[in-house]
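The values are calculated or read from the model by the stated rules, or taken from the named source; none is laboratory data. Since the model is a prediction, treat every value here as computed from it, not as a measurement. Here Cβ is always computed from backbone atoms with ideal geometry, including for glycine, and neighbour counts include all displayed protein chains.
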Amino acid sequence: MQKVRTRIAPSPTGDPHVGTAYIALFNRCFAHQHGGEFILRIEDTDQLRSTAKSEKDILDALNWLGLSWSEGPDIGGRCAPYRQSQRSALYSSEILKLLDSGHAFPCFCTTDRLQELRTRQMENKISVGYDGHCLTLTEEQVAQKLSSGVEHVIRMRVPESGDCVFNDMLRGEIRINWQQIDMQVLIKSDGLPTYHFANVVDDHYMEISHVIRGEEWINSTPKHLLLYQYFGWETPIYCHMPLLRNTDKSKLSKRKNPTSIGYYRDMGYLPQAVVNYLGMMGWTMPDGSEMFSVEEMTTNFDLSRVSLGGPVFDIAKLDWLNGKYIRETLSDDDFLQQFANWAFRPDRVSGVIPLVKNRVERFSDVVPLAGFFLCGLPELNETSFDNKKVNMDECRKILQLTLWQLESLHEFNRTAIESSCVSIAAHLGIKIRDFLLPLFVAISGKEISTSVIDSISILGLDITRARIRHAINVLGGISNKEAKELEKDLRDFAQKTE
Ligand code: GLU
């Protein structure tokens, strides 16, 4: 029997998401339970959005949770490299096979033509997708266009009728009509592969036996299966896990819940409690126990017992579990050790000391001045924002615009944060001193503290976001209508600063 090999294949385009850790955990348990291997592959085909920082954060976050892998970009392995950007030669040679067999074809359609086609399809209320225009070109026409260097992509052929039928480990038979499946672009005009093509080629060459991933990929599976068929490769077994949900059952989103693993680390959760909680997402131990380690989960694992009713990621439940871990698993010495490691993280402390040193006369002044670095959400009420310079509406506007602006920064550092604040303040016509007042309160709970720009850069985006959101809520929240107006404001602002 083929050895069990599973993988987690994150795209390094943002914060390390709890959903990635959840899928990684289930892949790892399944592989290890079968004496197999769990590997990590970085899917960075989206060159514009992929960053080295995001890749590092993802690896750090999975390591923090103890979800180690046996092959990956950091440790190598027999299928290296494990970063798609380093595997382009493989994709270029594999696509030739599909072009030769006629299963893939060059498409020279311009963006304008595709846009027109889309508009027409939408007007006529028919399904949106490529119409096969370039399949009607003669061999000579294709050769002529290729030799004169006309820009093109490579698409896959798709059956015109019938159903794609496949078996999912959790969901049983899934049937999707081929008419719903587009002639997917496999290679973009820059010669680089799309997710679909690179993902299948890599799963094959990395000998992945079971693809365990989120349910949002179900509709992509027919394309993937077709590629396996075109190549004549054995297909892996698919398993689409239920998506994590907010408490209102909508898809887990950072608008409603912190989704970055960094947030949970920075708020002082224990990694073993977070990973335990992720294990409770749609799954229970056979004996019903609520506290279990990854090893215990692996020993007792049974993928078929995952329940499909959308698992709710409920912070209140996680808080309860984390408290239980603190009380029941940490001795006083462990507590001291782990608390100190968390509170005095060298990267954070090294930023805080210079801010505090010149402003204190005794060590006992440190906590009143800078204790907020160790707090979760400051205690606030509306009167915390009372001041003579900016009114409540302006406060909310300042907070929301600053948050959006901070979220869009490529580099989260002092200079970038400062210039964001300075330019939004100018855009709103508010003096920078006054502009910073609500931010001081949101971040530190007080109007006066260490420099708020420095504090934001030390606390990082995850905690900053949580505190600004908390402040906005204390001030009554932002209605949809207001959000729309503010978004317009932000667009005007962005245009001005372009
Ligand atoms: N790169 C995809 C992601 O970011 C991987 C999806 C899959 O597991 O096939 O989730």
Seminar exercise, completed: Note: among Glu173, Glu207, just one is assigned to a loop (DSSP other than H, G, I, E, B) and of a type in the set (Asp, Glu), namely Glu207
Seminar exercise, completed: Across (1) in a loop (DSSP other than H, G, I, E, B); (2) surrounded by 11 or more Cβ atoms within 10 Å (Cβ to Cβ), Gly323 clears everything bar (1)
For this session: Please enumerate the residues belonging to the stretch 56-86 that are crowded, with 17+ Cβ neighbours inside 10 Å and within 26 Å of Ala273 (Cβ to Cβ).
Result: Asp57, Ile58, Leu59, Ala61, Leu62, Trp64, Leu65, Leu67, Trp69, Gly72
Exercise. Is one or more of the residues making up the stretch 291-309 in a helix (DSSP H, G or I) and basic (Lys, Arg)?
Worked result: yes
Problem set entry | Residue count for the stretch 183-196, restricted to those that are more than 15 Å from the ligand (Cβ to nearest atom), surrounded by fewer than 23 Cβ atoms within 10 Å (Cβ to Cβ) and not in a loop (DSSP other than H, G, I, E, B) | 1
Exercise. Of all helices (runs of 4 or more DSSP H) completely enclosed by the stretch 3-122, which ones contain at least 2 residues that are away from the ligand (no atom under 16 Å from the Cβ) and closer than 30 Å to Pro159 by Cα?
Worked result: 88-101
Seminar exercise, completed: Considering residues that are surrounded by fewer than 12 Cβ atoms within 10 Å (Cβ to Cβ) and modelled with pLDDT of 95 or more, the number found within the stretch 144-160 is 4
For this session: Kindly indicate whether any position in the stretch 256-266 is within 16 Å of the ligand (Cβ to nearest atom) and not hydroxyl-bearing (Ser, Thr, Tyr).
Result: yes
Seminar exercise, completed: Matching residues in the stretch 222-235 (free of Cβ contacts under 8 Å to residues at least 40 places away in the same chain and touching a strand residue (DSSP E or B) at 6+ places or on another chain (Cβ under 7 Å)) number 0
Exercise. Does Tyr205 meet the test of being in contact with a Lys or Arg (Cβ under 9 Å, 6 or more places away or on another chain), more than 26 Å from Leu40 (Cβ to Cβ), aromatic (Phe, Trp, Tyr) and away from the ligand (no atom under 13 Å from the Cβ)?
Worked result: no
Exercise. Do we find a residue being within 23 Å of Pro311 (Cα to Cα), among the acidic types (Asp, Glu) and in contact (Cβ under 8 Å) with a residue 12 or more places away in the chain anywhere in the stretch 2-17?
Worked result: yes
For this session: Answer yes or no: is there a residue in the stretch 247-255 that is acidic (Asp, Glu), away from the ligand (no atom under 11 Å from the Cβ) and within 30 Å of Arg465 (Cβ to Cβ).
Result: yes
Exercise. Given the conditions (1) in a helix (DSSP H, G or I); (2) buried (at least 20 other Cβ atoms within 10 Å of the Cβ), and given that Ser449 satisfies all but one, which numbered condition is not satisfied?
Worked result: (1)
For this session: Inspect all residues belonging to the stretch 5-14 and state whether any of them is of a type in the set (Val, Ile, Thr) and over 24 Å from the mean Cα position of the chain (by Cα).
Result: no
Exercise. Are any of the residues in the stretch 29-46 within 13 Å of the chain's Cα centre (by Cα), under 30 Å from Gly232 (Cα atoms) and not acidic (Asp, Glu)?
Worked result: yes
Problem set entry | Residue check, Phe108 in contact (Cβ under 8 Å) with a residue 24 or more places away in the chain, aromatic (Phe, Trp, Tyr) and more than 24 Å from Pro222 (Cβ to Cβ) | yes
For this session: Mind counting the residues in the stretch 336-358 that are charged (D, E, K, R) and more than 27 Å from the chain's Cα centre (by Cα)?
Result: 1
For this session: Would you mind finding the one in Gly214, Gly149, Gly162, Gly132 that is more than 20 Å from Ser85 (Cα to Cα), small (Gly, Ala, Ser) and either in contact with a His (Cβ under 8 Å, 6 or more places away or on another chain) or within 16 Å of the ligand (Cβ to nearest atom) (or both)?
Result: Gly214
Exercise. Residues Asn199, Asn167: which one is touching a residue at least 24 places away in the same chain (Cβ under 8 Å), more than 16 Å from the ligand (Cβ to nearest atom), outside any loop (DSSP other than H, G, I, E, B) and closer than 29 Å to Lys3 by Cβ?
Worked result: Asn167
For this session: Quick one: Asp163 ticks every box in (1) surrounded by 13 or more Cβ atoms within 10 Å (Cβ to Cβ); (2) over 29 Å from the mean Cα position of the chain (by Cα); (3) closer than 20 Å to Thr111 by Cα except a single one, so which number is it?
Result: (3)
Exercise. Which residues, taken from the stretch 204-221, are more than 21 Å from the chain's Cα centre (by Cα) and in contact (Cβ under 8 Å) with a residue 60 or more places away in the chain?
Worked result: Tyr205, Met206, Glu207, Ile208, Ser209, His210
Problem set entry | Residue list for the stretch 225-238, filter: buried (at least 21 other Cβ atoms within 10 Å of the Cβ) and either within 13 Å of the ligand (Cβ to nearest atom) or at pLDDT below 95 (or both) | Leu227, Pro236, Tyr238
